[in-house]
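> After the structure tokens below, expect a handful of questions from me.
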Amino acid sequence: MQKFVRLQYAYLVNVVNFSYFWVMNFAQYIESDHQVMLGKPIVKGTRITVELILKKLSEGASVNELIAVYPNLTEVQIRACLEYASLVVSQELVLPD
């Protein structure tokens, strides 16, 4: 049984003015299991995919609208979806032609 490897990305980030802030640990909110939604990343405890959240946000839905449509969803979980997507895109490797 293959499980999604949860990366731990909660850490302090040093900002230019030397103050610190917490970067979200999306692994607390996002998981992937081949038995649920064909292994797509989902919000833990739901069948709501990260893909769906990103699609709805890109179509102009607000966080409050998403929460109204999916009452079990929280703002923190939506932000975790964005953090996850940001990490995936940042790890993308572009190969030259």
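> Based only on other Cβ atoms within 10 Å, what is the fewest-to-most ordering of Asp33, Asp97?
Asp97, Asp33
> On to the next question. Between Leu95 and Asn72, what FRET efficiency comes out of the Förster formula 1/(1 + (r/R0)^6) with R0 = 35 Å and r the beta carbon distance, rounded to 0.05?
Taking R0 as 35 Å, the efficiency between Asn72 and Leu95 is 0.30.
> Would you list which aspartates and glutamates come within 14 Å of Lys40, measuring only between C-alpha atoms, while excluding same-chain residues fewer than 8 positions from it?
Of all the aspartates and glutamates, those that pass the test against Lys40 - Cα under 14 Å, at least 8 places apart if same chain - are Glu31, Glu51.
> Residues with amide H under 5 Å of Ile30's amide H, sequence separation 5 or more or different chain, H placed in the peptide plane at 1.01 Å from N; which?
Under 5 Å from the amide H of Ile30 lie the amide H atoms of Lys44, each far enough along the sequence or on another chain.
A short reminder: the numbers here are calculations on the coordinates, not readings from a lab. From a predicted model like this one, the values you see are computed outputs, not experimental measurements. Neighbour counts run over all protein chains shown; Cβ positions are idealised from the backbone, glycine included.
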